[in-house]
Amino acid sequence: MIPNLTTEQRREYLEKASKVRRERAIVRNDLKSGLMTFGQVLKLADADCQAVSNMRVKQVINSMPGYGHAKTQQLMRALQIADGRRIKGLGVRQRAALLEVLGC
């Protein structure tokens, strides 16, 4: 069922979604350029940054230097991380394994 939203509500939701997409793009670019580490991404997620917490793990790994689609899939299979897993949904062992592989 489609909710009945006013024009103002719809505009607010669109602005919020746009803000989250911009924040995620900044995080991915910082990872790609080496300005941010995987450990820092986890700290942002722990600090309740919604944009980072809801990012898919494969997007974050794919943004790391040296990781393309195939290498990301291989790593996720090796660490038994589901394809649709989000950063906030990682288990303690999965986080530790990713930190070991990707560095702090």
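Convex hull of alpha carbon positions in segment 62-104: directionally averaged projected area 3.0 nm². Each semi-axis of the equivalent ellipsoid for the chain is √(5λ) with λ an eigenvalue of the Cα gyration tensor; in descending order they amount to 28, 15, 13 Å.
Amide hydrogen proximity for R86: with H placed 1.01 Å from N in the peptide plane, the residues at 5 or more positions away or on another chain lying under 5 Å are V57. Straight-line cross-link reach from K16 at under 27 Å between alpha-carbon atoms covers these lysines, not counting any fewer than eight positions away in the same chain: K32, K43, K58, K88. The calculated FRET efficiency for A47 paired with D83, based on their beta-carbon distance and R0 = 25 Å, is about 0.45.
Here, each number is a calculation from the coordinates, and none is a lab measurement. If you're wondering where the values come from, they're calculated on a predicted model, not measured in any experiment. We place every Cβ from the backbone using ideal geometry, glycine too, and count neighbours over all the protein chains shown.
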